[in-house]
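What follows is calculated from the coordinates using simple rules that are stated; it is not laboratory data. As the structure is a prediction and not an experimental result, all values here were calculated from the model. We place every Cβ from the backbone using ideal geometry, glycine too, and count neighbours over all the protein chains shown.
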Amino acid sequence: MIAAREVAERVVDPELPMLTLADLGVLRDVEVDEAGTVVVTLTPTYSGCPALTTMRDDLLRALRTAGYADSRVQVRLAPAWSSDWISPAGRAALTEAGISAPGPAPERDGPVPLLLLPTRRTARCPRCGSREVALLSEFGATACKALYRCRSCWEPFEHVKEI
Amino acid sequence: MTHDEADNPYAGLLVDDAHWAFGAGQEFRPDEDPVATAVVAPVPEGVDRTAAAAYCLMLGDDALVLAQRLSEWCGRAPDLEEDIALSNIALDLLGQARLLLARAAAIDPTLPPPLPDGSPVPPEDRLAFFREESGFRNVRMVELPVGDFAETITRILLFSTWRLALFERLAASRDSVLAALAAKGARELAYHREFAARWFVTLAGGTQESRRRLLAALGGLWPLWHELVETHPIEVEAAAQGIGVDPGSLVVDVEPVLEQVFATAQVEWPSIGALAGVRGRKGRDGCHTEALSRMLAEMQVVARAHPRGLW
């Protein structure tokens with residue numbers, strides 16, 4: 001029997017299937033309690049993440065298939081998920097899939113200052129590698145991504161936001 | 001799903017789970033709902049449950065009602081990027097609302113309206129879909145009809161500036177769930193505020209028409225701004241118990257941000273007084289404008305027609 005942690009770590013994100021939940025950093029803990037129940041702890045990327053129930057079902061099904069009949073998934077809100085939790089393997093998988101990986105998350109110390117100029121990032125086009133990129137929108141097809149266009153190859157691409 | 005399964009579009013087709021919204025035989029397990037597990041922490045010692053639940057409800061209703069209003073832009077915003085941005089902001093607020101309403105119900109289980117036995121509707125949905133208008137505790141600013149793009153941008157700017165300042169302080173709440181969701185929500189609200197502030201400046205310096213509309217929007221919303229920053233008894237109580245924040249204390253954080261945006265946009269600080277309540281009662285007291293009842297009629301109709309979730 002494969003360890004429950006290994007089973008859970010192989011389950012992929014429903015919206016970014018090139019990443020495992022472990023690579024994305026939302027899989028916080030896999031433990032077996034006294035009663036023998038596997039308890040998986042998730043931290044959602046965004047408050048309104050609509051994929052949580054699907055993640056739970058995917059985890060429970062993978063565990064059941066691996067022989068863990070009794071398992072449950074709980075959500076932990078604190079500390080809040082940060083894009084810094086995406087693993088190096090996860091970042092490589094994102095780039096491979098044409099999605100630009102996030103830079104370091106902003107420091108959180110005191111009130112957030114308001115910047116009225118477009119957010120500056122050192123994003124690279126995941127297709128041609130150019131640094132000549134333009135922000136189209138801070139919001140993309142999912143809450144965790146911004147939209148960019150490459151000024152060199154003119155292809156649009158998504159960038160996982162720093163949060 | 002694993003990587004192999006994700007590559008196969010047919011994998012999971014015959015699996016009966018949350019992939020299917022209305023899967024036959026899908027067993028509802030309220031205690032296993034991921035959101036339910038996040039809001040069950042015990043209430044801190046000495047905290048009055050009724051007051052704490054009312055506070056969560058109030059903050060949840062602000063987010064729920066604005067999320068519903070912003071969703072009206074889905075498919076009809078000026079361009080695709082703004083359409084997606086507004087929908088994403090709505091989704092973030094809906095997520096905050098869900099956690100806050102679920103926490104309100106966890107603290108005071110008598111709060112959600114009762115439904116027939118066997119109804120699969122979770123507590124937060126009972127609060128959202130089965131409460132009367134007078135049970136909603138949101139400020140009136142969020143319930144007004146969505147208006148034009150300038151009106152929407154101005155509303156997001158005012159609301160997110162206030163709520164971000166609030167959540168930065170609420171992250172120190174004695175209630176662990178409120179503290180956690182505020183820390184999380186603040187990061188989301190920082191994006192909302194940035195989006196709205198940049199558009200505010202853009203519209204102010206755009207064409208005569210965009211500036212005219214922006215100033216009209218600000219003039220129309222300002223009478224309702226006061227309701228956000230004035231302190232309601234629910235907030236007095238929540239602040240006294242160390243679980244909430246007195247909005248009067250936020251002025252030092254909020255005003256410099258709005259001053260920065262107005263100065264950049266060359267817009268004067270409005271000098272319009274507050275919209276009065278009805279015999280002093282306002283949104284936080286359950287006294288709303290007609291717009292909320294119309295919005296709720298549309299938002300609640302399907303859930304109310306099918307309280308058992310079956311048809």
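Output the 0 to 90 degree angle, nearest 10, between the alpha-carbon long axis of helix B:49-71 and the longest principal axis computed from the alpha carbons of chain B. Taking the Cα atoms of chain B, the angle to B:49-71 is about 80 degrees. Averaged over the residues of peptide A:7-15, the number of Cβ atoms from other protein chains lying within 10 Å of each residue's Cβ is 3.
Between segment A:127-145 and segment B:259-311, the alpha-carbon centres lie 34 Å apart. Kirkwood's formula applied to the C-alpha pairs of segment B:229-297 gives a hydrodynamic radius of 14.8 angstrom. Pairs of Cα atoms nearer than 8 Å and 6+ residues apart set the relative contact order; for chain B it is 21 percent. Going by neighbour counts of Cβ atoms within 10 Å, the residues B:TRP73, A:TRP81, B:TRP311 line up, fewest first, as B:TRP311, B:TRP73, A:TRP81. Across segment B:159-311, the mean sequence separation of Cα contacts (distance under 8 Å, 6 or more residues apart), normalised by length, yields a relative contact order of 24 percent.
The C-alpha atoms of segment A:90-163 occupy a region whose extents along the principal axes are 38, 27, 21 Å, arranged from largest to smallest.
Considering only B:GLY95, B:GLY273, B:GLY242, the mean-square fluctuation computed in a Gaussian network model of chain B, springs between alpha carbons under 10 angstrom, is largest for B:GLY273. Tell me whether segment B:20-168 comes out rounded, prolate or oblate; compute the Cα gyration tensor, take square roots of the eigenvalues as a ≥ b ≥ c, and use a/c under 1.5 as the rounded threshold. Note, shape of segment B:20-168 comes out oblate. Segment A:54-102 gives an Rg/Rh value of 1.11, both radii derived from C-alpha positions and Rh following Kirkwood. Relative to its Kirkwood radius, the Cα radius of gyration of the protein assembly as shown gives an Rg/Rh of 0.96. Result for chain B in a Gaussian network model with C-alpha springs under 10 Å: among B:LEU100, B:LEU189, B:LEU80, the largest mean-square fluctuation is at B:LEU80. Dividing the mean sequence gap of close Cα pairs (under 8 Å, 6+ apart) by how many residues segment A:97-160 holds gives a relative contact order of 33 percent.
Against the main long axis of the alpha-carbon atoms of chain B, helix B:251-265 sits at an angle near 70°. Ordering A:LYS161, B:LYS282 by the number of other Cβ atoms within 10 Å of each residue's own Cβ, fewest first, gives B:LYS282, A:LYS161.
Applying D = kT/(6 pi eta Rh) to segment B:47-305, where Rh is the Kirkwood radius over alpha-carbon pairs, T corresponds to 10 °C and eta to 1.306 mPa s, the Stokes-Einstein value obtained is 85 µm²/s. Spin-label model, B:THR231 to B:SER210: label points 7 Å out along the Cα-to-beta-carbon direction sit 4.1 nm apart. With neighbours defined as other Cβ atoms within 10 Å of a residue's Cβ, the residues B:GLU151, A:GLU96, A:GLU9 order from fewest to most as A:GLU96, A:GLU9, B:GLU151. Taking a ≥ b ≥ c as the square roots of the eigenvalues of the alpha carbon gyration tensor, chain A is prolate, as a/c is not under 1.5 and a/b beats b/c. Between the Cα long axis of helix A:52-65 and the first principal axis of chain A there is an angle of about 40°, rounded to the nearest 10. Seen through its C-alpha gyration tensor, with square-root eigenvalues sorted a ≥ b ≥ c, segment B:146-186 comes out prolate because a/c lies at 1.5 or above while a/b is bigger than b/c.
Of B:ILE234, B:ILE153, B:ILE272, the residue with the greatest mean-square motion in the GNM of chain B, using alpha carbon springs below 10 Å, is B:ILE272. Placing +1 on the Cβ of every Lys and Arg and -1 on the Cβ of every Asp and Glu, with no other charges, gives chain A a dipole of roughly 580 debye about its Cα centre. With the convex hull drawn over the C-alpha atoms of segment A:4-75, the volume per residue is 74 Å³. Taking amide H as placed 1.01 Å from N in the peptide plane, A:PHE157 has its amide H under 5 Å from the amide H of A:TYR148, A:ARG149, A:CYS150, each at least 5 places away in sequence or on another chain.
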